[in-house]
1. Is it fair to say residue 349 is crowded, with 21+ Cβ neighbours inside 10 Å, closer than 19 Å to residue 289 by Cα, aromatic (Phe, Trp, Tyr) and under 13 Å from the mean Cα position of the chain (by Cα)?
2. Name, by its number, the condition in (1) of a type in the set (Lys, Arg); (2) surrounded by fewer than 18 Cβ atoms within 10 Å (Cβ to Cβ); (3) within 22 Å of residue 226 (Cβ to Cβ) that does not hold for residue 134.
3. Looking at this structure, is residue 366 modelled with pLDDT under 95, open to solvent by 10 Å² or more (accessible area, probe 1.4 Å) and among the β-branched types (Val, Ile, Thr)?
4. Could you tell me which residue of region 145-179 is nearest to residue 248 (Cα to Cα), considering only residues that are of a type in the set (S, T, N, Q) and open to solvent by less than 40 Å² (accessible area, probe 1.4 Å)?
5. Just to verify a result, which residue in region 244-282, among those that are hydrophobic (A, V, I, L, M, F, W, C) and free of Cβ contacts under 8 Å to residues at least 24 places away in the same chain, is farthest from residue 230 (Cα to Cα)?
6. Find the residue count for region 235-256, including only residues that are crowded, with 20+ Cβ neighbours inside 10 Å and closer than 22 Å to residue 25 by Cα.
7. Among 358, 321, which is open to solvent by 40 Å² or more (accessible area, probe 1.4 Å) and either part of a helix (DSSP H, G or I) or at negative phi (or both)?
Amino acid sequence: MKAFRVTREFPLALRLLLINQFGIDIGFYILVPLLAAYLGRDLGMSAALVGLVLGIRNLGQQGLFLLGGSAADRLGPRTVIIAGCALRTLGFSLFAFGSTLPVVCGASLLNGLAAGLFYPSTRAYVALSPGVRKAEAFALLNVYATIGSLIGLVLGSVLYMTDFRIWAVAGAGVFALLTVAQALVLPDSPPVGGSRGSVLGDWLEVFGNRRFLLFSFATTGMFTVENQLCLLLPDGARQASGWDGAAGVLLGMGAVANLFQLPITRALERHGGGPRWVGPGLVVMGLSFLPPLLICAMDPPNGAREIAPRMVIMVLGSLLLFFGTMVAHPAVLEMIPRFGREALAGTYFGLFYVFAGLTAAGGNAVVGWSMDMAKRAGLPWLPWVCCTCFGLSSAMAVAVMYRMRALPDRAGPPVVEGTVISPGLPATAGAESGPEAMGGWDTARLPGPARAADDADRPPR
């Protein structure tokens, strides 16, 4: 519960964004299982049309991440956040009152566009907030997003047979209130200066940043293995227990574990923080798929005496995955805007989320193929080893970048816990507009392990 107490230490605007993140993830994860049932059962759509509607939502989301990030840079994160929440309100309303294919497709597209606007602009808002403990703020975003998604999955399963339109109206009402609250509470700050060229020029600058592109590709394994909470791990839990609801046990334990996100982040901050811990976190995420290897080849369980130890192993694997995510994810988000100019923070987040969505989809396809191959060829270990390889290869890539001093260091002096210190300019600030900002490899001026060793002596944040 410490995470909720610490939330009160942040400005009101950030607290509202955390609540918004929580509500969006609950709404989304209630929406997906209920929407599929509503389209097929109540509207009589075929499986192909259901897939089309869901695919349109995902396409709209992935396609607008970059545009949403650029809009946050040009118009300011506040405007884009409010627009994203208003679009989510409209999308839920159309789901509630529309029953034809064009209306349903339009509602699905609006919900995808809302996410494409909200996610990069919210992260940019946190990254640009002065005097805020960035690592802790991103950690809290992770807490609220994860708990919201888990609650949404549980509620979606419970409400599967209820009237989808009731919950769509309720969701629209909640998002309408959040839209008004954000319009009243979020400071009307102008966008960061320095982005005076064209949007295309901004995109070319970000795409030309080789360090950032390599980092985005290096962390692809994080999103692939993280997505296995919805694919491989639930399937493994069902096989281990013979019970369709076993996945809920893993998600419930994950919700409890996620409450320790903030203490973990603060402990890592006392021991260097930042780039130092991304690689180790990815290693833990990869190794989390090894415990299920002990039971994946066993016959179906016979009674509670066989189910209990198998479920203990599955819970252990899922907790390791949650722990690795809690180590790596906030550090990754904190680093993203420091690869380039502050004025392009939204664009960097937008492009990063485009990579994350594409790689998660591709990674899930590979894992799904390995699951099918495991059944056909009698190789039950294959998908688990596949996920381990994803995590460890990603960790190795990040470790190489760390050793090459290609990861950005923090951009200012430490912020002691309980105090607010205005951030200053880094020692390498003058180089931000030079080759490094454009993805150069002048490693003599790039912070890395040598600087990280100094960070270890900094006071707690």
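The values are calculated or read from the model by the stated rules, or taken from the named source; none is laboratory data. Since we're looking at a predicted model, the values are computed, not measured. Neighbour counts run over all protein chains shown; Cβ positions are idealised from the backbone, glycine included. SASA here: full protein model, heavy atoms, side chains in, ligands and nucleic acids out. Shrake-Rupley method; radii C 1.70, N 1.55, O 1.52, S 1.80 Å.
1. Values: crowded, with 21+ Cβ neighbours inside 10 Å: yes; closer than 19 Å to residue 289 by Cα: no; aromatic (Phe, Trp, Tyr): yes; under 13 Å from the mean Cα position of the chain (by Cα): yes.
Against the criterion (crowded, with 21+ Cβ neighbours inside 10 Å, closer than 19 Å to residue 289 by Cα, aromatic (Phe, Trp, Tyr) and under 13 Å from the mean Cα position of the chain (by Cα)), residue 349 does not qualify.
2. So the condition that residue 134 fails would be (2).
3. Numbers: modelled with pLDDT under 95: yes; open to solvent by 10 Å² or more (accessible area, probe 1.4 Å): yes; among the β-branched types (Val, Ile, Thr): yes.
Yes, satisfied.
4. Looking only at region 145-179, we keep the residues that are of a type in the set (S, T, N, Q), and these are 146, 149, 157, 162, 179.
Still in the list and also open to solvent by less than 40 Å² (accessible area, probe 1.4 Å): 146, 149, 179.
On the way: 146: 14, 149: 12, 179: 32 Å.
Out of the qualifying residues, it is 149.
5. Looking only at region 244-282, we keep the residues that are hydrophobic (A, V, I, L, M, F, W, C), and these are 246-247, 249-251, 253, 255-257, 259-260, 262, 264, 267-268, 277-278, 282.
Right, trim to free of Cβ contacts under 8 Å to residues at least 24 places away in the same chain and you get 247, 256, 267.
On the way: 247: 9, 256: 17, 267: 29 Å.
So, considering only residues that are hydrophobic (A, V, I, L, M, F, W, C) and free of Cβ contacts under 8 Å to residues at least 24 places away in the same chain, the one farthest from residue 230 (Cα to Cα) is 267.
6. Summing the residues that are crowded, with 20+ Cβ neighbours inside 10 Å and closer than 22 Å to residue 25 by Cα in region 235-256 gives 5.
7. Working: 321 fails: open to solvent by 40 Å² or more (accessible area, probe 1.4 Å).
358 is the lone residue from the list that is open to solvent by 40 Å² or more (accessible area, probe 1.4 Å) and either part of a helix (DSSP H, G or I) or at negative phi (or both).
One line per residue, one yes/no per condition, for (1) open to solvent by 50 Å² or more (accessible area, probe 1.4 Å); (2) in contact with an Asp or Glu (Cβ under 8 Å, 6 or more places away or on another chain); (3) farther than 30 Å from residue 249 by Cβ; (4) not charged (D, E, K, R):
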site: 202; (1), (2), (3), (4): no, yes, yes, no
site: 214; (1), (2), (3), (4): yes, no, yes, yes
site: 224; (1), (2), (3), (4): no, no, no, yes
site: 232; (1), (2), (3), (4): no, no, no, yes
